[in-house]
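K.L.:
Here it is: the structure, laid out below.
The values are calculated or read from the model by the stated rules, or taken from the named source; none is laboratory data. Predicted model, so just to flag it, every value in this text is computed and none were measured. Positions of Cβ are backbone-derived with ideal geometry, glycine not excepted, and every protein chain shown enters the neighbour counts. Note: areas computed on protein heavy atoms with side chains; ligands, DNA, RNA excluded. Shrake-Rupley method; radii C 1.70, N 1.55, O 1.52, S 1.80 Å.
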Amino acid sequence: TFTFSLDFAHETEDIRQLVENVAHIQEITSRTLAPPYLQVRIGLSTIFPVVCTSFEPKYDSPLPFNKGFRHATVNLTLKLIGGKGSIHQLGPPLASTPLSDYGHNTSVAEQNIRGSIGAAQALLIPCLGQSGSDEITNLIKNNQLSDVAAILKLSPKAFVEMAIAGIDPKVLKYPAIQVKLSSDLALVMAQNEPGISTNNFKALADALISGDPSHLPSNLTTTFSVTESDGTTNTTTQQSIYSLTSRDYGVILAAIQSQKLNPTDPIFDSKNVSGSSATALKRLNNIGSCGLSLRVNGSPTVGNVTESEANLLSTINNTVNDSSISDKQLALFFGLAPNTPKTVIDKIRNSGPYTDKNQFIANASNGQSGYTGYTLWSGFDKVESNAMSAANALLNKPGVTDNDIKKAFNLNSDTEASAIKGQSFNSKADLLLALASANSGGSSTDANKYWLAFKKGVVLPGP
């Protein structure tokens with residue numbers, strides 16, 4: 001249902017007959033026993049069919065000698081014909097609904113993130129429980145799928161499931177991630193190995209990592225007969241729990257490191273003796289069945305971006321979502337003038353969170369005042385690079401003290417200042433990782449706050 005008004009006016013003529021002609025649109029006809037169907041056109045939009053449910057004329061400005069009226073306003077109420085059997089029965093709701101409001105008020109990126117969170121929760125809870133599933137979904141929600149410091153804080157089981165589901169190869173190349181992968185995979189495999197007591201699984205995990213079984217109890221190194229199939233015949237070999245688990249550990253670790261975990265990859269071909277085995281497939285399913293399901297259904301991995309692009313994108317999302325950053329500060333962070341139009345700044349804020357560089361370039365700007373997505377991306381990158389150069393200069397400045405560094409980064413402890421003092425970092429990600437790892441109470445969130453505090457001092461010098 002919607003309403004609008006019609007105005008009729010003439011300086012010398014009575015307009016009542018014009019109003020009466022329009023009144024026919026609400027009259028019930030003898031043939032249909034209903035008001036006539038109407039078509040309303042507003043610009044390029046056409047609304048059909050509608051019926052008039054209310055017709056209210058109001059006259060004013062009478063002509064002399066009771067000869068009529070110069071002006072009248074007619075208030076109309078029209079109702080769209082819908083429901084079963086109508087041409088609109090499959091159309092969207094005309095009235096506001098919670099679902100339509102959500103769609104109108106959230107960006108495509110936010111809706112995609114919500115979808116990824118829903119898929120991750122549904123597929124990971126059976127293996128990780130609610131708390132483990134929350135670890136992964138929080139990374140998705142906070143756009144931290146490329147945040148090395150945040151990933152390093154995942155529990156072993158959650159990290160292994162995430163690595164199997166899909167993790168950016170650029171992230172996997174970090175030495176700290178490689179160490180975590182080898183140790184967490186060994187621990188999870190040992191915990192899932194049948195017949196291993198809680199007293200022995202840590203020893204088995206250590207042996208898998210080091211390749212040295214000399215400290216294992218005898219029941220894990222004693223050989224026994226095992227029958228395997230090579231696809232054509234059955235063969236019997238002498239194995240120990242350690243040797244069999246160690247072989248499969250190497251196969252699974254290599255597959256995760258190369259991200260070759262798709263159905264057509266060698267690990268799923270039992271005939272490919274060097275890349276798989278029946279027991280390797282069984283162990284892979286035991287430790288990562290939910291991750292494999294998530295991979296098949298579309299895991300929320302970081303897009304095909306370079307390492308520097310992923311880090312820059314994470315910083316952009318953290319920046320535009322930070323309510324403590326004023327419009328003037330945000331403009332300067334993107335290399336724009338302090339008096340940049342508010343509509344430009346609002347477009348940057350409201351189009352996030354951004355999932356990759358291409359989406360940022362396409363959505364962060366509508367080209368107003370010559371500001372394109374490329375301009376904003378390169379401007380932000382330049383400011384970040386200048387801030388990184390200034391950070392290295394400060395950390396290696398002769399005579400710099402821990403207190404100077406604490407003040408510049410707004411750090412919480414001397415431990416954090418000591419961890420970065422005198423170092424030259426190749427990237428901001430390395431700097432943040434050092435800050436997050438400086439003490440057990442640190443976090444990637446704290447590290448990002450430190451960087452923001454320092455960058456404000458570089459971009460916005462003075463009191």
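K.L.:
Keeping every protein chain present and rolling a 1.4 Å probe, give me the accessible area per residue for region 133-192 in Å².
P.N.:
31 Å²
K.L.:
OK, next. On a 1.4 Å probe surface of the protein chains, which of E193, E11 comes out largest in accessible area, and what is the full order?
P.N.:
So the residues, ranked largest to smallest area, are E11, E193.
K.L.:
Under the Karplus relation 6.51 cos²θ - 1.76 cosθ + 1.60, θ = phi - 60°, what is the ordered set of whole-Hz ³J(HN,Hα) values for region 403-409, x standing for Gly and Pro?
P.N.:
5, 4, 5, 4, 5, 5, 9
K.L.:
Moving on. Taking a probe of 1.4 angstrom, what is the accessible area of T415 in Å², to the nearest 10?
P.N.:
Ignoring ligands and nucleic acids, T415 comes out at about 70 Å².
K.L.:
While we're here: Quick one: length gained pulling I28 to D402 fully straight, 0.36 nm per residue minus the C-alpha distance?
P.N.:
Extra length available between I28 and D402 comes to 125.9 nm.
K.L.:
Rounded to whole Hz and in sequence order, give me ³J(HN,Hα) for region 56-61 from the Karplus expression 6.51 cos²θ - 1.76 cosθ + 1.60, θ = phi - 60°, writing x for Gly and Pro.
P.N.:
10, x, 9, 9, 7, 6
K.L.:
How would you rank 173-179, 407-413, highest first, on the average number of other Cβ atoms within 10 Å across their residues?
P.N.:
Packing proxy ranking, top to bottom: 407-413, 173-179.
K.L.:
Full-extension gain between E56 and A453, please, as 0.36 nm times their residue separation minus the C-alpha to C-alpha distance.
P.N.:
Working: separation 397, 0.36 × 397 = 142.92 nm, distance 6.31 nm.
Full-extension gain reported as 136.6 nm.
K.L.:
To continue, here is another question. Could you give the length gained on full extension between K67 and T12, defined as 0.36 nm per residue of separation minus the Cα-Cα distance, in nm? Walk me through the numbers before you get to the answer.
P.N.:
Details: separation 55, 0.36 × 55 = 19.80 nm, distance 0.99 nm.
Answer, rounded to one decimal: 18.8 nm.
K.L.:
Could you please report the charge total around L292, scoring K, R as +1 and D, E as -1 over all other residues with beta-carbon less than 13 angstrom from its beta-carbon?
P.N.:
Counting the neighbours of L292, the net charge comes to +2.
K.L.:
Do the alpha carbons of any pairs in K58/K79; K202/K260; K141/K455; K173/K347 sit beyond 32 Å of each other, and which pairs?
P.N.:
From the list (K58/K79; K202/K260; K141/K455; K173/K347), the Cα-Cα distance tops 32 Å for K173/K347.
K.L.:
Here's another thing I want to ask about it. Tell me the label-point distance for the pair I81, A393, using the 7 Å Cα-to-Cβ offset, in nm and rounded to one decimal.
P.N.:
Distance between label points: 7.5 nm.
K.L.:
Kindly write out, for region 313-319 in residue order, the coupling ³J(HN,Hα) from the Karplus curve 6.51 cos²θ - 1.76 cosθ + 1.60 (θ = phi - 60°), rounded to whole Hz, with x marking Gly and Pro.
P.N.:
4, 4, 5, 4, 4, 4, 6
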